[in-house]
Amino acid sequence: MIRLAQPTDSEGVVRTVRAVYDEYGFTWEEGGYHADLYDLRPYCDLERARFWVAELDGRVVGCGGIRFFTKIPGQQGELVIVDDYERVAGTSAEIIRMYVHPEARRSGIATAIMNEIKAATSEPIEIWSDKRFINAHRLYQRFGAEVVGERICHDPDQAPEWGMILAKNNGKAIQAPPH
């Protein structure tokens, strides 16, 4: 079941994202890079964001969303520097915190959340994803995202990321692959 997140979902979101971080050997920073996961209230503010969780047997096993902002200046799809950080110009939203617990993968959760994200805006969307998340890149590309560059993330591991833009929103939902 996919539903809009509530502030009370923090514990399940932390558990889900942390499982992925443990799987990849990434550094967890509760009071820094991951502090947003312990207080989901900004993600539940429908004026600024939409954030969904996936539940299986009453447990959060996936999450992801979209955050809205003022359009990044520049030619759509080019990388520009905003506040000393590479961003994708021409976008006015970004995908945030898209993760599926390792035990719940290949069940259509990420596809369902992406369908919700696409329905939330027809504007171009910025996507940044760790280069090791190959299956996530395939998902984004199935939805029409194109790689436009790369950067080093400001996370504790200084991880390399691909930058993508999802510029065309044809409004069509994509079916989850069979599992």
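So that you can scan it fast, the table gives a plain yes or no per residue for (1) under 14 Å from the mean Cα position of the chain (by Cα); (2) closer than 20 Å to Gln158 by Cβ; (3) surrounded by 18 or more Cβ atoms within 10 Å (Cβ to Cβ); (4) in contact (Cβ under 8 Å) with a residue 40 or more places away in the chain:
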position	(1), (2), (3), (4)
Ser92	no, no, no, no
Tyr99	yes, yes, yes, yes
Gly108	no, no, yes, yes
Ile113	yes, no, yes, yes
Ser122	no, no, no, yes
Ile125	yes, no, yes, yes
Ala136	yes, yes, yes, no
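Tell me which of these Ser129 doesn't satisfy, since it passes every other one: (1) modelled with pLDDT under 95; (2) touching a strand residue (DSSP E or B) at 6+ places or on another chain (Cβ under 7 Å).
Just one mismatch for Ser129, condition (1).
Check every one of the strands (runs of 3 or more DSSP E) wholly within region 57-165 and list those with 1 or more residues that are farther than 28 Å from Gln6 by Cβ and among the charged types (D, E, K, R).
Passing ranges, in order: 85-88, 146-152.
Please count how many residues of region 36-90 are of a type in the set (Gly, Ala, Ser), within 25 Å of Tyr21 (Cβ to Cβ) and free of Cβ contacts under 8 Å to residues at least 24 places away in the same chain.
1
Sort out which residues of region 72-85 are of a type outside the set (A, V, I, L, M) and surrounded by 17 or more Cβ atoms within 10 Å (Cβ to Cβ), and write them in order of number.
Once the filter is applied, which keeps residues that are of a type outside the set (A, V, I, L, M) and surrounded by 17 or more Cβ atoms within 10 Å (Cβ to Cβ), region 72-85 yields only Gly77.
When region 36-56 is examined, which residues are found to be basic (Lys, Arg) and assigned to a helix (DSSP H, G or I)?
Arg41
Condition first: of a type in the set (Asp, Glu) and either surrounded by fewer than 18 Cβ atoms within 10 Å (Cβ to Cβ) or not in a helix (DSSP H, G or I) (or both). Now tell me which residues in region 3-35 satisfy that.
Glu11, Asp22, Glu23, Glu29, Glu30, listed by residue number.
The values are calculated or read from the model by the stated rules, or taken from the named source; none is laboratory data. Keep in mind the model is a prediction, meaning the values are calculated, not measured. Glycine also receives a Cβ, built like all others from the backbone with ideal geometry; neighbour counts cover every protein chain displayed.
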